[in-house]
Amino acid sequence: MEALKEILIKNDWFTRQEVEELFTSEIQKCINECARPSQGDIFNAFDGLRPQDVKVLIIGQDPYPDEAKAHGLAFSYNNGEIPAEDSLLNIFRKIKEDVGIDNSYTNLSAWKKQGVLLLNTALTFAPNNQDFHIKAWRNFINQVIFKLLEVKTKNKQPLVVMLWGDKANKLEVLAYKKGKHRVDYQEKYPFVKILRSSHPSNNYQACTKSICDGEVPAFKDTDFRPFKECNEFLEANNADIINWQTV
């Protein structure tokens with residue numbers, strides 16, 4: 001538990017006091033009963049990546065239940081030789097459609113090295129108790145997003161946020177609001193671009209259906225070009241673009 005806290009502190013995500021406040025009894029329960037990833041990998045996404053170094057934040061839902069895949073980076077496989085399936089396969093197809101890059105290596109650590117923070121709305125997985133884990137991590141993930149918004153606004157650095165799926169789009173700090181409650185986040189955070197869609201998973205045809213009453217596009221929509229738009233935004237704000245090649 002203490003080693004996990006140190007990852008957040010040494011990488012400038014939170015102060016020691018903030019970490020102690022964030023590590024609620026619910027978070028500690030999640031860590032203690034975590035089946036995937038291994039406990040040492042729960043904060044792998046943050047290790048070696050400071051807030052000021054993050055250029056892209058991608059948020060999915062929860063870790064893979066498969067031991068050979070889950071390693072603390074959302075959508076990434078620990079064993080990069082395993083062929084892409086389901087969500088990652090659709091992500092690779094979208095990258096090919098967007099920027100013309102073919103990927104087969106399924107470990108996404110190369111993205112992390114360029115400043116891509118790969119998170120889920122829950123950082124731990126436990127069989128038969130996943131709803132609890134998603135709820136327990138919600139405040140933590142919101143605080144991570146708030147920290148990024150704060151740092152990027154202060155430093156006038158660009159940040160692209162990709163929110164994939166219903167749970168990601170309902171995170172309070174950047175929640176999608178309709179009608180008169182709509183928030184213009186681009187105006188609120190001029191250095192932040194938000195790209196929303198349904199989840200890339202094939203489960204229940206998730207990636208082929210729009211969400212938020214049809215106002216947020218389906219991941220598979222041909223007009224949804226997140227990787228292209230991401231690089232265009234970074235380039236327009238004088239930041240290095242992301243090479244979406246995985247190896």
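In table form, for the structure just shown:
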| quantity | calculated |
| --- | --- |
| Criterion violated by residue 234 - all others in (1) at pLDDT below 95; (2) in contact with a Pro (Cβ under 6 Å, 6 or more places away or on another chain) satisfied | (1) |
| Residues satisfying the stated conditions in the stretch 66-102, i.e. part of a loop (DSSP other than H, G, I, E, B), β-branched (Val, Ile, Thr) and surrounded by 15 or more Cβ atoms within 10 Å (Cβ to Cβ) | 82 |
| Members of the stretch 150-170 that are in contact with a Ser or Thr (Cβ under 9 Å, 6 or more places away or on another chain) and surrounded by fewer than 19 Cβ atoms within 10 Å (Cβ to Cβ) | 166, 170 |
| Scan of the stretch 70-83 for residues that are without any contact (Cβ under 8 Å) to a residue 40 or more places away in the chain, closer than 20 Å to residue 125 by Cα and out of contact with any Pro (no Cβ under 6 Å at 6 or more places or on another chain), ordered by number | 77, 79 |
| Residue pairs meeting the criteria (Cβ under 7 Å; at least 6 apart or on separate chains; first surrounded by fewer than 19 Cβ atoms within 10 Å (Cβ to Cβ), in the stretch 187-204; second assigned to a loop (DSSP other than H, G, I, E, B) and of a type in the set (S, T, N, Q)) | 191/157; 191/237 |
| Residue 55 among the charged types (D, E, K, R) and farther than 30 Å from residue 129 by Cβ | yes |
| Unique match (being at pLDDT 95 or above, polar (S, T, N, Q) and either within 19 Å of the chain's Cα centre (by Cα) or under 19 Å from residue 230 (Cα atoms) (or both)) among 109, 104 | 109 |
| Index of the failed condition, residue 48 passing every other in (1) more than 15 Å from the chain's Cα centre (by Cα); (2) on the phi < 0 side of the Ramachandran plot | (2) |
| Qualifying residue in the stretch 160-180 (condition: in contact with a Cys (Cβ under 7 Å, 6 or more places away or on another chain), in a helix (DSSP H, G or I) and either more than 20 Å from residue 90 (Cβ to Cβ) or among the polar types (S, T, N, Q) (or both)) | yes |
| Subset of the stretch 156-186 (residues that are more than 22 Å from residue 87 (Cβ to Cβ), free of Cβ contacts under 8 Å to residues at least 60 places away in the same chain and not basic (Lys, Arg)) | 172, 173, 175, 179, 181, 183, 184, 185, 186 |
| Check on residue 105, of a type in the set (Phe, Trp, Tyr), touching a Pro at 6+ places or on another chain (Cβ under 9 Å) and surrounded by 16 or more Cβ atoms within 10 Å (Cβ to Cβ) | no |
| Any hit, the stretch 8-18, residues being within 16 Å of the chain's Cα centre (by Cα) and within 18 Å of residue 115 (Cα to Cα) | yes |
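Per-residue answers, yes or no, for (1) in a helix (DSSP H, G or I); (2) free of Cβ contacts under 8 Å to residues at least 12 places away in the same chain; (3) surrounded by fewer than 21 Cβ atoms within 10 Å (Cβ to Cβ); (4) in contact with an Asp or Glu (Cβ under 6 Å, 6 or more places away or on another chain):
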site: 148; (1), (2), (3), (4): yes, no, no, no
site: 207; (1), (2), (3), (4): yes, no, no, no
site: 232; (1), (2), (3), (4): yes, yes, yes, no
site: 235; (1), (2), (3), (4): yes, yes, yes, no
site: 240; (1), (2), (3), (4): no, no, yes, no
site: 244; (1), (2), (3), (4): no, no, no, no
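The values are calculated or read from the model by the stated rules, or taken from the named source; none is laboratory data. This structure is a prediction, so every number in the text was calculated from the model and none was measured. Because the Cβ atoms are built from the backbone with ideal geometry, glycine has one as well, and the counts that use them run over all protein chains shown.
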